[in-house]
Every structure is written in structure tokens, then in C-alpha cells.
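This report concerns only the one structure given below.
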């Protein structure tokens, strides 16, 4: 075997004064970085396999471990950076495309951080959410042009299906297969506990999870895995997945080794076979085709379930969104280029798509201009990192947000970005039984529910500060936003003034 | 009227505890021919070796009798049971009436007739604390000690005396040590280990004559050898102490015969412990199983029955945990398979003579019937429970001989049942 | 009585329970000192059996009708009248291992450092309200509760 040019990314620092050779790190590292040498009575590390997931660091009972960026220096070069070179070493070695997990890590601008929120002073008093009622309830679904009432005051307009959420935060699609059953169970339980929804992803739905139906969005993607009538009716809503922010224009590929007995049964594919989601839906080549699918699904569910259509935020998102609304979707979901994934080609993840903030502003604007904003709810995803991002998204026009990466971080993810290896030490992105059992849904569902509650509290604080007592009153209220350090063009697209204006 | 208990060791004490769980009122009278607070007989060798004191040998705390409202007659020997009057008579002609009587008189040493046995000093048995106290006083560093019998008692005596004198020889009629609890291979390992400590063995013979004026001086063995001896310990074996039972007309076979509530053939008379015989499920024969845990359980059942409760002593099999000079061994059930019956049994054996360990399992019709563990004795109780519960070993997904054998070998359901039920077993 | 119950579904096989048990029964009760300085090597009274993905921790079940107490030849093994905790009075124990012979869980271990004694779980009754194994289980695979809770 010829020399492998790859250099280790990290180094394990073991404080020998604290290491008690208990071997917890040895037992806990799925990448087999740590080994115990009986002869020397020492634990050693082979750091070439270290992904810096922090499992050993946090499990070590004496806090003897630390992981550092490897001190190995490349000759300084602003163009040929270490990561650029390492990628070439890898590709020269394997001849394959590079794979990555989680979202785009590149230093593109983050518009959330270039927008500031307003607060009331004197003239429009702020509200204390601890003393006064504050509404974070959101109702998703197509709203009628107008409502009519009969003589007794009863509404005569037939309402399209609506979904009520206690807070404008949902868990985004993560399939059983890409994440473990325990991770899936944690999301389902947390959604039920906090009055929101989680999303099955494209892997179908295990029968055990049907009990969470009221809090479930069932997804229909290009592979149509696990899709049948019972499945479509099992959830509160159906989501057609056209694209994903992390890999617009690209299909999905769940390797056969992750397709065990349960995944196989849920996806309705043979055990051990690769689950390939084609890049396009082979029956959708136009808005009219999409409309057919939307209505097929509505037929199958007796027009009782709202149908979401999810696209990746791409250059002409506004026109596409307009088409989706007109095709009959109840909710449009847009996923920005920072959205996470279990596996994506690195080049696609890092170079395709547009920021969700800009796409959201543009789409909201376009739908308003066309007078059809009321016909759809707008859901955005693609790296909503905290409650301020949520508030800003709503002010830009979103009805609610999806969180994926934030949710897996709450579950224990430490962003090692190696989901595609199937060796997730936190039991999230893996099907290996010994790793899956590390994720206890009793603990993790509480953590997820805590996160939703914490953010909801913060949202209320920020709303109150702005003198607003309902999240609905903030929606599309861009006066509450000011840009900072943004160009005229950026401000124009975002539809906001610069700070100081 | 009272509960009367003859004896003061495991069976007697557990009977007291068991009676008092049901009946806190009625007097209990406990009679023992030894003058001591209840103590643990197996510890007498530890007493010799200074590993325990009379104080730490106590089997129960100082206030045991008071706490359980027991009247004690220590140093008093029961010489007669008068069944029709429901009385026992002591040596000093005291009569004590009983409502329910428990005979827990244990064992007595078996000393076969030997030429020159009587009328000499320095001949001892090794069963009671008194024996150990005497031995300790008598033995001198330069004495040549001979122990007859390489069974549990003989070897324990050797271990206990080891630090007190330099020259110890064990004479055994059989061809190996511990022939009742070990097979040949295991016995060889144990013997080798004990020999390394400086203890000598003479096998396949026994004493034909004890010579000496007032004290033991030398021994003539059956094979003609003559060996010098300053102190002789007779540890050939024990017999159930059934004398008073027998004269009272109680059914005695090898030991006192009892039913599963520990009652004898005579109403209101019970027996428990080493004095009884019980069904050995490993060999499917009735025999005397002189074992501490057995005695405790029998006493418990007897006490419960005497106080009017329902308890059953169902099954028993031989089991021993013992060690010599730091080499531990645990055996249970069947340890040797007769060659004539070899076909019915499967034997699984792993061992390393150099490292002095053995694991041997005897299986019949997929059920564990017995085992020998030398040195590697950890978690032996799981094997004991396999024998006791008659578990089909085909259900286990790990070899019995594996060092990682444990509850992990059981099915998840069986394991959960065992572990989750609050320790009810 | 409260006992420690293991949920093997979520046992990750890290053996932190063993380590913290050993520390709780060490002299200094300080993890680094216990392992690095104390002459008597810290010894757990809990056993993790593992063959991944199966793993579970096991310690004395503090049986209602404890065979170890009945079998104990010295009377060292006792059950707390109030607490129900089965404890071994180590100064009376002579290390004959009869308790090991009869414990159907294999939950009693040999401590042969210094005087030989049987070592077993005491539910950390003298040290803490919650046993160290339960407190330090990173995945709540050990619970300390009344039966059937």
C-alpha cells in the first residue's frame, strides 16, 4: 500500500496526571482512536481517526482529555489552504466525490447576524410576558380570500385544512435511516410534549410511531419510500420534498448497510439494498405535474391534510414559490444553503443554493405582490440557530421555521460532520445497535422539549420588547428589522432599512 | 410449654430466628453441651491460624438470645428424650418439657477402632471449638504432627496448624485429597499446592497401630511404614450425632429421617442440620449433607413448621466453598461421573495445571448437575442456580466454561425477570 | 425498599458505574487519588456484563430471602432490619466465598487485597442518598427506586 498523504486533523491531549486508565474512552470511541496497552498500563491514541466529536472528552470521568486542532502546519498560503490541499489528497487517493455531513460551513455572510430587532421606548410601551398574555400560536395552512357568515353569525366559508402549533418552531425532516430510531422517537415525543410537529423525512414511518400522528408530518420524496395510504393518513400533514438546502438538485443515497430489518420494513425495500432517491421526481417536470401530485395526495387523504411542498432556496425561488402556491400547496417550505444533511457531496453542499434570509424576503415579497400570500403559509429552514433567528424570520415574512441542525445539537451532536460514516458516537446518525442505545429518548426528548420551551420564552421576551403581544402581529413586519453593514442591494432584497435610518 | 432446641449452631440458630418471625411470645429453650455463645464451627481452623478470635467467631451478636427471648442451657447435655411425656432429660436429671422439640445436634467425629488408641495423650479430633483450643495449647513448633484424613476437616486442620508447627504429615486411605468434593485432576492441583506449603502426604494407607507410653510417639501404618508422631489428629470423617434420637425411637437411617417440613416420625419432634439426611438431587439419593447453608435452611424450615407456619425443604445438593493456603475452590452437585454411567453425562472441562485453575461442568440431559471450580471461582452462584433451577442449558448463548459467563448468557426476558423483580428469587 | 434497577436498553457499556462504585468505596473517595495513590486498588462492587450491543450493570439485588445470609458461615452477612440492605461486616468475614457459591446473580466479588473479604454493593448507604453508580450513569440506564415504580 502506498503512502496515504492525508494528515490528521486533530490531536488527542491526554493529561497523564489525571488519566486513570479506566478505558471509558476506549469503549466509547466508535472510531477506535483510543487503545489500552496492558504492558505499559497506558491509554494511547491514534488520532488519524479522530473526528473531534467530543464523546471521549465528555465521558472521561477525570476530565483528562482534550481534543485540539492538529498542530501540524502547512506552509502559509491564503489560496492553498490546508483543507483545500487535504481534499485534493483524499480525491487523489480515492477517485471519488467528497462527502460531508451537516450544513455548509463556509464563511459566507450570515444575514441573520446582519439584522437587528427593534424595541419599544416611551411611545409604544413594551410588554412584560411574565405579566401579560403573549401569543406564540401559529396556524399553518391556506387561508381563504374572505370569510362569510350566515344570519346567526356562523361561518359559512369552508376552511381548508389548518394545523395549529403552539410555537413557530417545527422539527425538520430527518428520515429513520439517516438518523436512528431513538433519535426519531425523541423528536416525536418532544413534538407532542411541546405542541409542535416533527417530520418523518423520506424514510417512511415505523408503525410504532403512528401514535404521534397529530404531531407528525409525513414526507413524500422522489424515492417514495414507505409511502402508502395508511402512511399518508397517519400524520397531520404531508410534505412533498422537491429539494433540500444542503444539496439542491441532488438526490439521496442511503447505503445498503444502513438498511437493516426495521429500516427495510419501514421503507418497503429489501434488507441491505441501497435506498436511492432520484434527483428529480420522475413524475414532476412542471408546475402542472406538481399540482397533480398535490391533488393525488389530497384525494388520498380526503382533503383533510394540508400539503406542504419543500424546495431548496435557489436563484429563482420567488417564481418557483409562486408556481407552488398556484399548484395548490397549503404550505411552502424553503430550505437555505446552510441546511444540514446526513450526507451530501461536499462541493454541492458548499457551493449550491442561496441564503434562506434572502430567499424568504424575496418570496414573501413576490407572493404579496401577486396577491397570493394568504393562499400559502411560508416555512423556512436552513440554519435557524436561535430564537432571535426565529423572530427575524417571522419579521421577514415566515409563518414558522423548521429546525434540524439545532435539534440534533440538542440531542448531543457535536458537529463532527461525519454523519455519513454511520459511526455517530452520540447515537444520532447511526444504525449500529451499540451506538443507537447511547441515545435515551427519555433524556433526549426532554432536552429537545427544553430547547423549544426556552426559545419560546425568548421569543415572547423579544416580542414584548417590541410592544407586540402575538407572533401573528410580527409576521412580515419588516419595520421591526434594520440592517447593519449591508449594501443597498442587500437591503433592497431584504426589504429593510439600514440601522440608523 | 416451650419450644425446645437441642443444639446451638446453624440449624438451631436459624430455627430460633424462624420461630420468632411467626411466634414472638412462646418461650424458647436452647440446650447445648458446649459452654459457648453460638459460634461458627467452620472457623475453628481460622482460630488455630489466629485469623479469628473467640469473639469474632460468634455466629450471632452478643444479645442474640436476649433479643429473641431464648433461655439457654449451655454446657448441658441432653441424655434422653421422653416422647410420651414430651420431656427431655439432662445429664443432671433436670427435666424440661417441650411443646415442640428440635434436634439439631449436628455431627460427631468418626474415630474408627485403632490399636493403641486409648489411654494416650496428644490424640485429638477437630470439630469443635474445644478441640481447637486444646490443640492450640498443646502444639509446639517442633512437634511432628500427623493428621489422618485428607478430607475437608483434615486439610483445614493442616492449614490451621501450619503456622504453629513445622512438620505436618497427612495420611489418607484414598489415593487423593478431598475425594468427596473433587475429581482426580482437581485433587492433584490442590495437593500440589498444599505440598508446596511444606505439608507432606501419604496416600493409600492408614494407621494400624498407635504406639507410645503415655503420649503418642509413633505410628505404624497399614503398609508397614513406621512414622514418628508427637501429636495425632483424627479427621477421618463425621457421623450424625443421632444417639439420643435413636434411643427415643426416632427413625434413623444414615441420619435422622425427616419429612419436607423437617418433622420426624414422632409428632412434635423435628430435626435439622447435619444430624439429618436429605434428598440429594444431584445423585438422587438420600444422604447426610453436612453443609452449613443446608443446615441453616433446614433449621429455618423446621422453626417455621414448629411455629405453625408452612415451609418446605425441597431440594438439596452438596456444595462447598473452601480454600487452602489461598487457593479457593467451589464445587457443587455431582463432581465425578462413574465410568459405568459416563454415557449419560457430558463433561465440559477447561484447566491449566501450571496456573492451578480448573473449570469442570457435568451435564445430564442438558441440565447442569455439578461443577468444580478451582481458583476461578467468581460468579459461581450463577452455576449453582442453574443446578437448582434445572435450567436447560441450551437456552444459554455462552459456554459455561467461558470466563465471561454470566447473566448475559440468559435470554433478555429471563435476565429481566431475575434482575427486575426486586431480588425475589 | 429502594433498589437499583438496570435498563439494559440504554446501557452504553461505558463502565462508569464500576469506576464510580470503586471510588465510592475507596479510602479517599477522590477518583484520581483512589486510582493513582491508594495502595488498595479501587474495586467495584458492580459488574457490567457486556457483549455489545448487549450490556447491563448488575449488583447485589438485596434479596428479600437472601441466600448469602443463610449460607454465610460467620454471620458477617446481614440484612439491615430497617433498611433491608444486605451488608457484609468485613471484620467478621473470613473470605470463605460461600456467599459467592450461593449468590444466583454472581453479585459478590472477592477482595483479596489485604485481608480476604467478600465485597458487595451496600447501596452506598453510608456515603450518599443515591448510589454512586446511579448518580454517575450517563444515560440513566440505572434507576434507584421502589419495586415496580
Task: Odd one out for residue A:146, checked against (1) closer than 30 Å to residue A:297 by Cα; (2) in contact (Cβ under 8 Å) with a residue 12 or more places away in the chain; (3) not in a strand (DSSP E or B) - done: (2)
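Just the residues that are part of a loop (DSSP other than H, G, I, E, B) and in contact with a strand residue (DSSP E or B) (Cβ under 7 Å, 6 or more places away or on another chain), please, taken from region B:316-340.
Within region B:316-340, B:317, B:318, B:334, B:335, B:337 qualify.
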Task: Per-region count, region A:10-33, residues closer than 30 Å to residue A:92 by Cα, more than 14 Å from chain C (Cβ to nearest Cβ) and surrounded by fewer than 18 Cβ atoms within 10 Å (Cβ to Cβ) - done: 1
- [ ] Could you pull out every one of the helices (runs of 4 or more DSSP H) wholly within region B:1-109 that has 1 or more residues that are on the phi < 0 side of the Ramachandran plot and outside the structural domain of residue B:270 (by TED's automatic domain parsing)?
- [x] B:44-48
TODO: Residue by residue through region A:183-208, note down the ones that are over 17 Å from the mean Cα position of the chain (by Cα) and surrounded by fewer than 24 Cβ atoms within 10 Å (Cβ to Cβ).
DONE: A:189, A:192, A:193, A:194, A:195, A:206, A:207, A:208
Open item on the list: So residue A:302 passes all but one of these: (1) at pLDDT 95 or above; (2) touching a helix residue (DSSP H, G or I) at 6+ places or on another chain (Cβ under 9 Å); (3) over 25 Å from residue A:114 (Cα atoms); (4) in a helix (DSSP H, G or I). Which condition number does it fail?
Closed with: (4)
Task: Criterion violated by residue C:145 - all others in (1) in contact (Cβ under 8 Å) with a residue 60 or more places away in the chain; (2) surrounded by 14 or more Cβ atoms within 10 Å (Cβ to Cβ); (3) more than 8 Å from chain B (Cβ to nearest Cβ); (4) farther than 28 Å from residue B:62 by Cβ satisfied - done: (2)
Open item on the list: Considering only residues that are at pLDDT 95 or above and crowded, with 21+ Cβ neighbours inside 10 Å, which ones fall in region A:431-450?
Closed with: A:435, A:437, A:438, A:439, A:440, A:441, A:444, A:445, A:448
TODO: Can you give me the ranges of the strands (runs of 3 or more DSSP E) entirely in region B:224-265 with at least 3 residues that are in contact (Cβ under 8 Å) with a residue 60 or more places away in the chain?
DONE: B:231-234, B:238-240
Task: Number of the condition not met by residue A:140 [criteria: (1) at pLDDT 95 or above; (2) surrounded by fewer than 23 Cβ atoms within 10 Å (Cβ to Cβ); (3) not assigned by TED's automatic domain parsing to the domain that holds residue A:216] - done: (2)
Task: Enumeration of residues in region C:50-70 that are more than 7 Å from every other protein chain (Cβ to nearest Cβ) and crowded, with 22+ Cβ neighbours inside 10 Å - done: C:55, C:56, C:57, C:59, C:60, C:66, C:67, C:68
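Restricting attention to region A:328-361, report how many residues are in a helix (DSSP H, G or I) and either on the phi > 0 side of the Ramachandran plot or surrounded by fewer than 24 Cβ atoms within 10 Å (Cβ to Cβ) (or both).
Total satisfying the criteria: 6.
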- [ ] Go through region A:287-322 and count every residue that is surrounded by fewer than 17 Cβ atoms within 10 Å (Cβ to Cβ) and within 19 Å of residue A:245 (Cα to Cα).
- [x] 3
Open item on the list: Only one of B:364, B:376, B:360, B:356 is in the same structural domain as residue B:402 (by TED's automatic domain parsing) and either buried (at least 23 other Cβ atoms within 10 Å of the Cβ) or within 14 Å of the chain's Cα centre (by Cα) (or both). Can you tell me which?
Closed with: B:360
Open item on the list: Step by step: first the residues of region C:71-111, then only those that are in contact with a helix residue (DSSP H, G or I) (Cβ under 8 Å, 6 or more places away or on another chain) and farther than 23 Å from residue B:406 by Cβ, then the one that is farthest from the other protein chains (Cβ to nearest Cβ). Which residue is that?
Closed with: C:79
TODO: Looking only at region C:112-124, decide whether some residue is facing another protein chain (nearest Cβ under 8 Å), in a loop (DSSP other than H, G, I, E, B) and touching a helix residue (DSSP H, G or I) at 6+ places or on another chain (Cβ under 7 Å).
DONE: no
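The values are calculated or read from the model by the stated rules, or taken from the named source; none is laboratory data. Treat the numbers as computed from the prediction; the structure is a model and nothing was measured. No Cβ is skipped: glycine too gets one built from the backbone with ideal geometry, and neighbour counts run over all protein chains shown.
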